[in-house]
Amino acid sequence: MIKEEEEIQADYKWELSRKEFIRSLLVIGVSASIPFLTSCETEENPEVFDCSPLSAEQLKVLQALQLVLFPKEGSGPSALQINADKWIVYVLNDPRDPQREKDFIVEHLDGLNQLSKETYKVSYDLLSRDRQEDLLELFFEEKAPKRWGSRMLTLIFEALLLDPLYGVNPNNIGWTWLNHNPGMPRPNEKNMYPTIYTTMNEV
């Protein structure tokens, strides 16, 4: 009984520390020196959807990566539960984002998968969680991949905190978990990005 209570308290403390960790990153910026959150291995069935310009294999690698960077822990959602994979696809299709930034995301996603194939002879998404984490640490030893990891975390946090109108943070799951008040007024179809640019031109 004592052991069970200690385990419950440990889980609760980790949940609180994870929330505080995320809040601190949102305040001071994502630290590239912290590549991913420590995780208990969890099983999720990633959703298949229209992921253009990514291929089906690239999507699977992305989803596996996101579950390493931001896994489900306790009452907190995983990256896939906040639709972070769909958010990155949205970003890659945003005509206002510089193409070099989109290329940076995709090229390093491919680089991680290539390293997996060279090291373990299989795609990154097919590795065990331990090997995924080990390989990611190896990948982050270089400066550019480490910056890419920071960018990927930033995009996950955007999905965690953005209005559900953008197809992320469904049912306010991220806000609820962080006890976050988004404030008012919230965006609507006329003033959401990128529609707001058209609305402004009509005024």
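The values are calculated or read from the model by the stated rules, or taken from the named source; none is laboratory data. The model shown is predicted, which means the values in this text are computed figures rather than measured ones. For neighbour counting, all protein chains shown are included, and Cβ atoms are generated from backbone atoms with ideal geometry for every residue, glycine included.
Per-structure values
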quantity: Number of the exception - Ile105 against (1) more than 17 Å from Phe140 (Cα to Cα); (2) at pLDDT 95 or above; (3) surrounded by fewer than 22 Cβ atoms within 10 Å (Cβ to Cβ); calculated: (1)
quantity: Leading residue by the ranking (modelled with the highest pLDDT) among those in region 45-61 that are part of a loop (DSSP other than H, G, I, E, B) and aliphatic (A, V, I, L, M); calculated: Leu54
quantity: Candidates Leu16, Leu37 - the one that is assigned to a helix (DSSP H, G or I), closer than 16 Å to Trp177 by Cβ and either at pLDDT below 95 or of a type outside the set (A, V, I, L, M, F, W, C) (or both); calculated: Leu16
quantity: Residue list for region 152-189, restricted to those being β-branched (Val, Ile, Thr), surrounded by 16 or more Cβ atoms within 10 Å (Cβ to Cβ) and either more than 18 Å from the chain's Cα centre (by Cα) or under 28 Å from Asp110 (Cβ atoms) (or both); calculated: Ile156, Val168
quantity: Residue match in region 96-115 (condition: among the polar types (S, T, N, Q) and not in a helix (DSSP H, G or I)); calculated: no
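Conditions (1) surrounded by 22 or more Cβ atoms within 10 Å (Cβ to Cβ); (2) of a type outside the set (Lys, Arg); (3) on the phi < 0 side of the Ramachandran plot; (4) at pLDDT 90 or above, marked per residue:
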position: Lys72; (1), (2), (3), (4): no, no, yes, no
position: Ser75; (1), (2), (3), (4): no, yes, yes, no
position: Ile82; (1), (2), (3), (4): yes, yes, yes, yes
position: Asp85; (1), (2), (3), (4): yes, yes, yes, yes
